[in-house]
Structures are given as structure tokens and as C-alpha cells.
Amino acid sequence: MDPPALSSVRGVSRCVVAALAVAGAAWTARGIWQIRLAVAGLPPSGPPDQGDGRHRPLTGLEDAYHLVSACGDIATVVCAVAFLAWLLRVRDNARALSGRRLHYGLPWVYLGWVVPIVNFWVPRGIVAEVHRVGAPETRLPRSVNLWWGLWLIGALSGVGLMYADSTDAVIARAYSHVAPLLLADAAVVGAALACALMVRALTAAQQRRIDVLRPASE
């Protein structure tokens, strides 16, 4: 199979950075609302989930947290779609620049995030390979490892990207023990910032090579 043609990555990288900014803001808002819940304290009526399938009416603050949490989830999905589009574009360019098959095949751009165990390293491996092809003379940007480390903390903590509990259960945790929630939120926001730096660095390096081989038409 012939390698894909080179494509500009400037536009898609801008979309990713914008989506990361929105997602980071949404997760910051989530953390702020968790602090507000902790400061307000558990209502006399107890947590929203009363057990045995019974739920009391939400307070105004709890209802607002549901909305903030839903917005954060939507922003995260949009960010994931934009990031995968960017990752696919830079990977295709890396294959065209190298003139050979890459270590990680196309399906791993998607499967690498969801297949157990291998999702601990495959996405980072794809990014690292893109960098090696795009800028073989330079070291891997520190933002790559920072992004991946913070991503793993946020994703695997059980209180970050992949909440193990319902939103009502998270509200109850904010009342009783908010610190782990805030640490996970901070990891997610930090991962978004590091990812934006990484996207900009890898995009700039790859685009320089593309512009040399094919003058930019933008």
C-alpha cells in the first residue's frame, strides 16, 4: 500500500489546542464546584443517593454540579475527537515522511486507548514515533512524558477522567473527602495543558519538514 500524501497539520492542531483549552476550563469548573460543595457541607438530609434506590431532591448547588459535570463530559468527548483527528493526521504524515511502515499500525490510533494493559503505553508510543520521524535530530519534548504521566493519573485514579461512581456519588465524596477529587481534576487540567504544548511542538516540527518538501499552500 502506498504511503498517504503529506497534509498540512496547522489547522487541525489549532482545533485541538482550542478543544483542550475548553476541556481544561470545564474541568477547572468541576473542581471549583467540588470545593463549593465541600465548603457548604453535607445537608442535614444526607447525600443525594439515600441507598436502596432512593434519591432525595437535589439542592441548587448539587443541581449546578450535575450541569457542570455534564459540560465537562461533553468537552472531554469533543477534545478526544479533535485529538484523534490530529493524531491520525500526524501519523499519516510520519508514514509518508519515513517511506516505510510504522511500528504501530493504523488501528492502534484508536484501539491503543481502549485495549487493556497496552493502553498504558501505545498512545505515547505513537506520539513518540511521530516525533522521531518528524524531528529525528531533536530529543522527545518533555511535554510528551508530562502529558502521558498526568493523563494516566487522571484516567486511572478512579476520580478523574473515568469516575467509578455516579455523579451523585461524586457529590457525596466532595462533601466527605474532596482532596482526591481535586488532585485528579488538577491532573486532568495539567494533562490538557501539557497536551497543548506537545501538540504545538510536534506540529511545528512536522510542518517544517512538510514545508520544505511541499511548499505550504496556506
The FRET efficiency for Ala21 and Ala204, from their Cβ-Cβ distance with R0 = 22 Å and rounded to 0.05, is 0.75
For region 107-137 and region 43-97, what is the separation of their Cα centres, given in Å? 24 Å
Give me the number: length gained by fully extending Gln50 to Leu156, i.e. 0.36 nm times residue separation minus the C-alpha to C-alpha distance, one decimal in nm. 35.5 nm
Set of region 55-72 residues, backbone N closer than 18 Å to the point 7 Å along the Cα-Cβ line of Ile32: 60-72
Among Leu67, Val78, Ala40, whose Cα projects farthest towards the positive end of the dipole of region 32-99, with charges put on the beta-carbon of Lys, Arg (+1) and Asp, Glu (-1)? Val78
Region 47-118: Cα Rg divided by the 2.2 N^0.38 Å rule of thumb: 1.85
Taking only protein heavy atoms and a 1.4 Å probe, what accessible area per residue, in Å², does region 7-155 have with all protein chains in place? 52 Å²
Percent of accessible area on region 50-138 owned by carbon and sulfur, 1.4 Å probe? 65 percent
Anisotropy class of region 108-180 from Cα gyration tensor, a/c 1.5 cut: prolate
In percent, what relative contact order does the chain have, based on Cα pairs under 8 Å that are 6 or more apart in sequence? 35 percent
Based on the alpha-carbon gyration tensor of region 100-147 and its eigenvalue square roots a ≥ b ≥ c, which shape applies: rounded if a/c is under 1.5, prolate if not and a/b is larger than b/c, or oblate? oblate
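The values are calculated or read from the model by the stated rules, or taken from the named source; none is laboratory data. Everything quoted here is computed from the prediction, not taken from an experiment. All Cβ positions, even for glycine, are placed from backbone atoms using ideal geometry, and neighbour counts span all protein chains on display. With ligands, DNA and RNA removed, areas are computed over all heavy atoms of the protein, side chains included. Shrake-Rupley method; radii C 1.70, N 1.55, O 1.52, S 1.80 Å.
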